1. Please pick out the residue among B:111, B:55 that is over 11 Å from the mean Cα position of the chain (by Cα) and modelled with pLDDT of 95 or more.
2. Tally the residues that are within 15 Å of residue A:64 (Cα to Cα) and outside any loop (DSSP other than H, G, I, E, B), restricting the search to segment A:1-21.
3. Given segment A:22-116, what strands (runs of 3 or more DSSP E) lie entirely inside it while holding 2 or more residues that are out of contact with any Cys (no Cβ under 6 Å at 6 or more places or on another chain), without any contact (Cβ under 8 Å) to a residue 12 or more places away in the chain and more than 9 Å from chain B (Cβ to nearest Cβ)?
4. From the set of residues in segment B:36-45 that are more than 9 Å from chain A (Cβ to nearest Cβ) and under 14 Å from the mean Cα position of the chain (by Cα), which is surrounded by the fewest Cβ atoms within 10 Å (Cβ to Cβ)?
5. Picking from B:16, B:42, which residue would you name as being at pLDDT 95 or above and at positive phi?
6. Restricting attention to segment B:12-56, which residues are touching a residue at least 60 places away in the same chain (Cβ under 8 Å), out of contact with any Pro (no Cβ under 9 Å at 6 or more places or on another chain) and part of a loop (DSSP other than H, G, I, E, B)?
7. When you go through B:76, B:81 one by one, which is the residue that is away from every other protein chain (no Cβ under 13 Å), part of a strand (DSSP E or B) and in contact with a Ser or Thr (Cβ under 9 Å, 6 or more places away or on another chain)?
Amino acid sequence: AQKVTQAQTEISVVEKEDVTLDCVYETRDTTYYLFWYKQPPSGELVFLIRRNSFDEQNEISGRYSWNFQKSTSSFNFTITASQVVDSAVYFCALSEADNAGNMLTFGGGTRLMVKP
Amino acid sequence: DSGVTQTPKHLITATGQRVTLRCSPRSGDLSVYWYQQSLDQGLQFLIQYYNGEERAKGNILERFSAQQFPDLHSELNLSSLELGDSALYFCASSAQPGGTYNEQFFGPGTRLTVL
């Protein structure tokens with residue numbers, strides 16, 4: 001069965017600090033997809049990134065970067081020079097290619113608070 | 001804007017009542033997913049429909065049911081409501097039913113409060 005663990009329930013940083021959100025996953029499938037979503041205080045789920053299991057190349061998008069390591073089953077998310085607008089709950093999620101519907105299994109989320 | 005619409009945005013009701021949540025997928029998407037976000041259970045998958053047929057089932061209670069209509073909109077029916085059913089209910093849609101991954105687009109959610 002698939003499982004996603006976000007051990008950090010809450011992180012508080014001061015603006016301009018770098019912060020890394022951890023995500024560890026479990027799956028028996030060899031083909032799977034990993035995601036990060038952002039949920040701002042307004043409540044909607046905002047898609048940030050998708051990664052395929054066969055592509056371990058790290059990705060950078062502006063202040064955001066993602067480190068995917070299959071050897072440790074981790075898909076960590078780093079925000080560089082954090083800003084107040086980054087304050088949100090961040091979810092890591094997993095989808096197995098073999099499951100019938102590609103439903104997402106979410107981690108418990110990490111609440112990030114960026115203080116000015 | 002993801003293109004997925006959900007109504008109503010907020011719903012307040014009493015225990016024992018029945019409510020219906022509605023979702024319209026993105027234009028052209030045939031698959032609809034329902035997720036529940038509660039304080040106790042976190043974000044969890046409930047059920048998926050593809051082109052009118054149930055495709056996959058998650059941790060959905062027997063008091064809950066869903067369907068997808070010929071025009072592809074979907075409804076989630078929650079009955080005999082309990083306090084613990086208070087949650088944010090998300091609908092997502094994708095083009096295909098599964099297999100090779102298809103991105104899911106999430107609606108804004110319906111916040112249900114059971115008093």
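1. Details: B:55 fails: modelled with pLDDT of 95 or more.
Result of the check over B:111, B:55: B:111.
2. Adding up the residues that qualify gives 3.
3. Details: elements: A:24-26, A:32-39, A:46-52, A:59-61, A:64-69, A:74-79, A:88-96, A:110-115.
Strands (runs of 3 or more DSSP E) meeting the threshold: A:59-61.
4. Let us first name the residues in segment B:36-45 that are more than 9 Å from chain A (Cβ to nearest Cβ), namely B:36, B:38-41.
Then keep just the ones that are under 14 Å from the mean Cα position of the chain (by Cα); that gives B:36, B:38.
On the way: B:36: 23, B:38: 15.
Per the criteria, the residue is B:38.
5. Numbers: B:42 fails: at pLDDT 95 or above.
Checking each option against the conditions leaves just B:16.
6. Selection gives B:14, B:15, B:16, B:17, B:18, B:25, B:26, B:28, B:29.
7. Numbers: B:81 fails: part of a strand (DSSP E or B).
Just a single option satisfies the conditions, and that option is B:76.
The values are calculated or read from the model by the stated rules, or taken from the named source; none is laboratory data. Here the structure is a predicted model, which is why all the values come from computation and not from measurement. Every residue, glycine among them, receives a Cβ derived from its backbone with ideal geometry; neighbour counts consider all protein chains shown.
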